[in-house]
């Protein structure tokens with residue numbers, strides 16, 4: 001047998017093996033996405049067809065801080081949704097190991113030192129801004145809705161305040177408008193009078209022609225903080241930011257960023273009846 005034939009056979013064998021591994025990886029990812037964990041929003045990163053990430057300081061790349069096995073399976077994630085409802089095309093650029101293979105302090109300033117999947121953006125994003133990276137199939141099942149934050153401390157509409165008080169059976173301490181959704185909806189946030197050490201805040205969504213939905217934030221008043229570390233017993237409204245929304249077959253889905261001294265929490269909630277439930281979540285921790 002000639003040396004050329006032997007070389008060709010070896011090459012063909014390697015190609016066949018590579019294709020087999022690729023097919024196995026894709027089939028495993030498809031199976032995982034079909035069986036995402038309904039009650040585990042952190043596990044739904046990537047497996048749901050979506051994952052939270054953030055842009056680098058120039059806004060030209062996006063990082064999704066996930067383990068290498070998940071990062072390598074993100075080649076089909078081709079779009080990013082950013083506040084207030086902007087969609088930008090992405091190109092998968094590969095995985096990076098990061099500093100010592102650990103995530104460490106998850107901030108855009110340590111972009112190059114953090115393990116995860118890296119994407120190049122077709123257009124500049126807001127510097128260091130949060131995004132939801134998604135597959136075409138994920139976005140095809142949803143309408144992207146813009147969220148416009150409120151620019152002042154406007155009080156809730158009287159009807160919203162009355163509905164919230166009636167639902168909770170508690171007196172309202174304050175109720176503020178958080179922003180509007182491009183489907184005509186409003187986002188309102190209320191804090192209720194405490195019952196002993198038990199505190200409660202509620203996010204409400206109401207829109208003409210759509211069912212209302214509510215997200216409860218119960219908490220226990222403690223010296224180190226109630227809702228977040230060192231919040232002095234007050235719900236940190238300034239650090240709570242709705243980013244964008246989707247309209248899906250189940251109702252509204254809302255992406256929220258909530259910051260604190262210990263880090264940032266990113267959540268995508270979806271409407272189930274009159275309640276928002278956690279769907280996809282990520283934590284950008286800053287070790288103290």
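The values are calculated or read from the model by the stated rules, or taken from the named source; none is laboratory data. The model shown is predicted, which means the values in this text are computed figures rather than measured ones. Don't worry about glycine lacking a Cβ; one is built from the backbone with ideal geometry, like all the others, and counts go over all protein chains shown.
Only one entry in 150, 168 is more than 25 Å from residue 248 (Cα to Cα), modelled with pLDDT under 95 and more than 17 Å from the chain's Cα centre (by Cα), namely 168. Among the residues of region 68-78, the one identified as surrounded by 21 or more Cβ atoms within 10 Å (Cβ to Cβ) and assigned to a helix (DSSP H, G or I) is 71.
Listed by position, the strands (runs of 3 or more DSSP E) contained in region 125-206 that have at least 1 residues being surrounded by fewer than 16 Cβ atoms within 10 Å (Cβ to Cβ) and either on the phi < 0 side of the Ramachandran plot or outside the structural domain of residue 252 (by TED's automatic domain parsing) (or both) are 143-149, 172-181.
Filter region 89-117 for residues that are buried (at least 19 other Cβ atoms within 10 Å of the Cβ) and under 13 Å from residue 134 (Cα atoms) and give the result. Answer for region 89-117, where residues must be buried (at least 19 other Cβ atoms within 10 Å of the Cβ) and under 13 Å from residue 134 (Cα atoms): 90, 117.
Can residue 106 be described as modelled with pLDDT under 95, assigned to a helix (DSSP H, G or I), under 17 Å from the mean Cα position of the chain (by Cα) and not assigned by TED's automatic domain parsing to the domain that holds residue 263? It is false that residue 106 is modelled with pLDDT under 95, assigned to a helix (DSSP H, G or I), under 17 Å from the mean Cα position of the chain (by Cα) and not assigned by TED's automatic domain parsing to the domain that holds residue 263. Residues of region 55-67 that are in contact (Cβ under 8 Å) with a residue 60 or more places away in the chain and not in a loop (DSSP other than H, G, I, E, B): 55, 61, 62, 64. Close Cβ contacts (under 8 Å, 6 or more residues apart or on different chains) running from residues in region 32-54 that are closer than 11 Å to residue 266 by Cβ to residues that are at pLDDT below 90 and not in a strand (DSSP E or B) comprise 54/108. Does residue 81 qualify as being assigned to a strand (DSSP E or B) and under 18 Å from residue 130 (Cβ atoms)? Yes.
Could you please give the count of residues in region 227-250 that are part of a loop (DSSP other than H, G, I, E, B) and under 27 Å from residue 272 (Cα atoms)? Working first, answer last.
First pass over region 227-250, keeping only residues part of a loop (DSSP other than H, G, I, E, B): 227-236, 249-250.
Retained after the next criterion (residues that are under 27 Å from residue 272 (Cα atoms)): 227-228, 235-236, 249-250.
Residues flagged as part of a loop (DSSP other than H, G, I, E, B) and under 27 Å from residue 272 (Cα atoms) within region 227-250 amount to 6.
Taken over region 113-164, the criterion of being touching a residue at least 12 places away in the same chain (Cβ under 8 Å) and farther than 30 Å from residue 64 by Cβ is satisfied by 153, 154, 155, 156, 157, 160, 161, 163, 164.
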